[in-house]
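Taking it in order: structure first as C-alpha cells, then the write-up.
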Amino acid sequence: MLTRRDTMALGLGAAAVTLVPGMASASAVDEAIAAFTGGASVSEGGVTITAPEIAENGNTVPVEVDAPGAVAILLLAAGNPTPGVATFNFSEGAGSQRAATRIRLGGTQDVVAVAKMPDGSFQQAALEVKVTIGGCGG
Amino acid sequence: MSDVRPRIRLPRSAKAGDVVEVKTLISHNMETGLRRDGSGEVIPRQIINRFTCEYAGKTVIDMDLQPAISANPYVEFDVKVEGSGDFVFTWYDDNGEVYTETQSFEVG
C-alpha cells in the first residue's frame, strides 16, 4: 500500500526525471570542450566573460568574451538543451580578440568560454548568469 | 526569408593604425528547431550558422553560430584599420542563402 510519503517520493522522482532531459549534462559540456581542444588540458583564467549577473529575459542576454592574444574562443551555455553557442575565430585583421553578442539562456546557468592561444594551449573561464524568464522555445 | 536585412555601424572616422569597433546585426528569426507550432509539429531549424567579416582583403573574424544565438544576431568586434578599404560582411543561412553587405571606409 502506498503511504503519503511514498507518493511524495514518487512525485519527486518523476519531477527529477522530467527535468533532466532539458538540460545539457556536464558530459555534453566536457565533450564540446574536448571537440574544441582536441583533448588538450585547459587552464583557468586568461579569458574574461562579461554578462549581466541577472538577466530578466533569457531570450537575449548580452555576453562579451575577451581573451587577449587568442586565436579562437568557444562560447558555451552549460545549462541549455545543447551547450554550444558560438565559436569566434580571430584573424590577422582583428583589432582585438574580443567579441560581443546576444545569446539565449534556458535558465540560470554557467556561461563558459574556452580560448585557444597561438601556442596551442587553452584557457577557460565560467560565469553564472541568473535568468528570470528562460529563453528556450515557446 | 524575405525580411533578412543587415545593419552595420562603423565609427565616423579613424586614423591609420586605429582599432575601430564594428557593430553588426541582421534581422533573422534564428529558428532553433526545438519549438513546435500550434498543431504540435516541430518547426524546422533555420538559423544563420556562420558570419564573417573582411577588411581591405584581410579576414577579421569568422564566427560559427549555434541556435543559442538570439534572434536578429548581433555581433560586435574590433578591427585594426591600416588604411582605407572595404568592409565585407557575410552571413550564411541554413537554407543555403548567403547575405553580403559591403561598406567602404575612409581612413584619414
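Do the conditions hold for B:Thr52, that is, is it under 20 Å from A:Ala86 (Cβ atoms), in contact with a strand residue (DSSP E or B) (Cβ under 8 Å, 6 or more places away or on another chain), open to solvent by less than 30 Å² (accessible area, probe 1.4 Å) and modelled with pLDDT of 95 or more? Considered against the rule, which asks whether it is under 20 Å from A:Ala86 (Cβ atoms), in contact with a strand residue (DSSP E or B) (Cβ under 8 Å, 6 or more places away or on another chain), open to solvent by less than 30 Å² (accessible area, probe 1.4 Å) and modelled with pLDDT of 95 or more, B:Thr52 comes out as yes. Residues of the stretch A:1-39 that are surrounded by 13 or more Cβ atoms within 10 Å (Cβ to Cβ) and at pLDDT 90 or above: A:Ala28, A:Val29, A:Glu31, A:Ala32, A:Ile33, A:Ala34, A:Phe36, A:Thr37. State whether one or more residues within the stretch A:89-110 are away from chain B (no Cβ under 13 Å) and within 16 Å of the chain's Cα centre (by Cα). Yes, some residue in the stretch A:89-110 is away from chain B (no Cβ under 13 Å) and within 16 Å of the chain's Cα centre (by Cα). Looking across the stretch B:1-20, the residues that are assigned to a strand (DSSP E or B) and closer than 17 Å to B:Ser104 by Cβ come down to B:Pro6, B:Arg7, B:Ile8, B:Arg9, B:Asp18, B:Val20. Residues that are touching a residue at least 12 places away in the same chain (Cβ under 8 Å) and more than 10 Å from chain A (Cβ to nearest Cβ): find the strands (runs of 3 or more DSSP E) completely inside the stretch B:27-107 holding 1 or more of those. The qualifying strands (runs of 3 or more DSSP E) are B:48-55, B:85-93, B:98-105. Of all residues in the stretch A:60-83 being modelled with pLDDT of 95 or more and open to solvent by 20 Å² or more (accessible area, probe 1.4 Å), which is nearest to the other protein chains (Cβ to nearest Cβ)? The extreme case among them is A:Thr60. For the stretch B:1-14, the tally of residues that are open to solvent by 50 Å² or more (accessible area, probe 1.4 Å) and either among the small types (Gly, Ala, Ser) or at pLDDT below 95 (or both) stands at 6.
Okay, residues lined up against (1) open to solvent by 20 Å² or more (accessible area, probe 1.4 Å); (2) closer than 22 Å to B:Thr24 by Cβ; (3) assigned to a strand (DSSP E or B); (4) in contact with a helix residue (DSSP H, G or I) (Cβ under 9 Å, 6 or more places away or on another chain):
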site	(1), (2), (3), (4)
A:Pro52	yes, yes, no, no
A:Gly95	yes, yes, yes, no
A:Arg102	yes, yes, yes, no
A:Val114	no, no, yes, yes
A:Pro118	yes, no, no, no
A:Thr132	yes, no, yes, no
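The values are calculated or read from the model by the stated rules, or taken from the named source; none is laboratory data. Computed from a predicted structure; not experimentally measured. Don't worry about glycine lacking a Cβ; one is built from the backbone with ideal geometry, like all the others, and counts go over all protein chains shown. Please note that ligands, DNA and RNA were not included when accessible areas were found on the heavy atoms of the full protein model with its side chains. Shrake-Rupley method; radii C 1.70, N 1.55, O 1.52, S 1.80 Å.
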